[in-house]
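In what follows, a structure is listed as structure tokens, so that the remarks can point back to it.
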Amino acid sequence: MTLYLLCFLLFLVGLYGVLTRRNLIKIVIGLSFMEFSIFLLLVLIGYVKGGEAPILQPGMPATGFVDPLPQAMVLTAIVIGLATNAMLLAIAIRLYKKYGTFDIRKINQLKG
Amino acid sequence: MEIILSVILIFMILGAIFALHAKDLLSALVSMGIVGYGLVICFLLLKAPDLAIVQIVVETITLIIMVAIVLDSTRHELKEKAAIRHDGQSFMNTRLVGNIFIAVFLGLVLFYSFRLASAHLTEFGEHGLRMAGAYMEGAAGKTGSVNLVTGVLFDFRGYDTLGEATILFTAVVGVLTVLRLKGKHS
């Protein structure tokens with residue numbers, strides 16, 4: 001339970017960063033911290049004590065592995081996280097080119 | 001095992017806090033690297049080598065892109081920050097009580113929801129393979145892959161992976177569109 005709590009703390013740190021930082025790059029960093037904590041939580045839930053990595057070997061019974069399902073889902077989530085990060089950074093570059101700063105208090109002339 | 005993971009996680013949290021408070025964007029990115037690569041070590045300890053490989057590649061790519069973006073702008077940004085600090089301070093003082101109240105309230109609500117959510121989780125390391133059993137039963141014969149994670153990704157849940165590829169394609173198209181747009185004044 002300690003580990004789950006620490007994961008939750010990492011999520012809170014990311015949320016704090018997203019809510020309070022004024023720099024676009026730091027907001028992106030906070031979002032990726034939230035992603036990291038969720039990945040780690042899912043893999044932690046799937047861990048089995050004394051389990052092996054889920055790779056079969058000839059002549060070995062298919063037991064004693066950690067759960068492969070969360071790992072497969074987190075693998076998908078990591079790649080999607082890369083895609084969202086790239087998208088956010090592209091928008092940050094555009095805003096920097098137009099306003100000359102990453103400070104979100106100065107980026108206040110967006111028209112709908 | 002649990003103790004080692006806890007220590008790495010505490011280091012990751014410290015790195016995260018430093019990354020959000022660093023004055024220099026470049027050092028913020030380096031501390032973000034601490035968190036990302038700490039996650040890689042956690043994956044290795046949790047017996048997830050595929051995830052560790054993917055995470056190390058993704059983290060490196062993200063860091064390179066972000067450093068390339070930040071290197072254009074850092075010096076300019078430092079001057080801006082020093083100028084803004086003064087009015088930021090007075091604004092903080094007037095709203096301080098309200099902000100503290102909101103923060104404590106939000107923290108309590110989030111902690112309560114964490115307690116609710118984690119009440120039904122199994123303890124660390126005592127997870128039962130109820131769902132995974134169907135996937136692991138004779139998986140090598142069904143999918144032809146000795147790696148169970150690969151078997152799940154590319155065979156049992158192949159459509160999910162197709163969707164993932166679509167998302168990647170959409171992201172690439174989006175990035176190209178956003179970066180190639182011509183603004184009115186640029």
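When a/c reaches 1.5 or more, the comparison of a/b and b/c decides; with that in mind, is the range B:13-66 rounded, prolate or oblate per its Cα gyration tensor?
Because a/c hits 1.5 or more and a/b fails to exceed b/c, the range B:13-66 counts as oblate.
Rounded to the nearest percent, how much of the accessible area of chain B (1.4 Å probe, protein heavy atoms only) is carbon and sulfur?
Answer for chain B: carbon and sulfur cover 71 percent of the accessible area.
Apply 1/(1 + (r/R0)^6) to the Cβ-Cβ distance of B:Arg130 and A:Lys106, taking R0 = 35 Å, and write down the FRET efficiency to the nearest 0.05.
0.10
Just the accessible area per residue of chain B, please: how many Å² with a 1.4 Å probe?
Value returned for chain B: 63 Å² of accessible area per residue.
Which part of the range B:117-159 falls in the paramagnetic zone of B:Val57, meaning amide N under 16 Å from the point 7 Å along Cα-to-beta-carbon?
Backbone N within reach: B:149-151, B:153-154.
What is the interface area between chains A and B, defined as buried accessible area summed over both chains with a 1.4 Å probe, reported in Å² to the nearest 100?
7500
Using a cut-off of 15 Å between beta-carbons, work out the net charge of the residues near B:Val35 (Lys and Arg +1, Asp and Glu -1, B:Val35 not included).
-1
Pulled fully out, how much extra length does the chain show between B:Val173 and B:Ile4, if you take 0.36 nm times their separation in residues and subtract their Cα-Cα distance?
56.7 nm
What does the extension gain come out to for B:Leu116 and B:Ile65, with contour length at 0.36 nm per residue minus their alpha carbon separation?
Using 0.36 nm per residue and subtracting the Cα-Cα distance, I get 14.5 nm.
Which residues, if any, in the range B:3-32 lose at least 30 square angstrom of accessible heavy-atom surface (probe 1.4 Å) when the other protein chains sit next to their chain rather than the chain being alone?
B:Ser6, B:Leu9, B:Ile13, B:Ala16, B:Leu20, B:His21, B:Leu25, B:Met32
Between A:Lys97 and A:Glu52, how many nm apart are label points set 7 Å from Cα along the C-beta direction?
Modelled inter-label distance: 5.3 nm.
Can you list residues from other chains, or at least 5 along the same chain, whose modelled amide H is less than 5 Å from the amide H of A:Phe65?
The list, which skips near neighbours in sequence, is A:Glu52.
Going through the DSSP H helices of chain B, which span 18 Å or more along their own axis at the Cα atoms while scoring at least 1.6 as a mean Kyte-Doolittle hydropathy?
Long hydrophobic helices here: B:2-21, B:25-45, B:49-71, B:96-118.
Would you mind checking which residues have amide H under 5 Å from B:Asn147's amide H? H placed 1.01 Å from N; only 5 or more apart, or other chain.
A:Leu56
Measure off, as a whole percent, the carbon and sulfur share of the 1.4 Å-probe accessible area of chain A, all protein chains present.
70
With every protein chain left in place, what is the accessible area of B:Met131 in Å² (1.4 Å probe, nearest 10)?
B:Met131 has an accessible surface of roughly 120 Å² with all protein chains in place.
Long-range amide H contacts for B:His127: which residues qualify at under 5 Å (H placed 1.01 Å from N, peptide plane, sequence gap of 5 or more or a different chain)?
A:Lys49
The values are calculated or read from the model by the stated rules, or taken from the named source; none is laboratory data. Note that this is a predicted model, so its numbers are computed, not measured. Neighbour counts are summed over all protein chains in view; Cβ atoms, including those assigned to glycine, are modelled from backbone coordinates with ideal geometry. Each accessible area value is taken on the protein alone, full model and side chains, heavy atoms only, with ligands, DNA and RNA left out. Shrake-Rupley method; radii C 1.70, N 1.55, O 1.52, S 1.80 Å.
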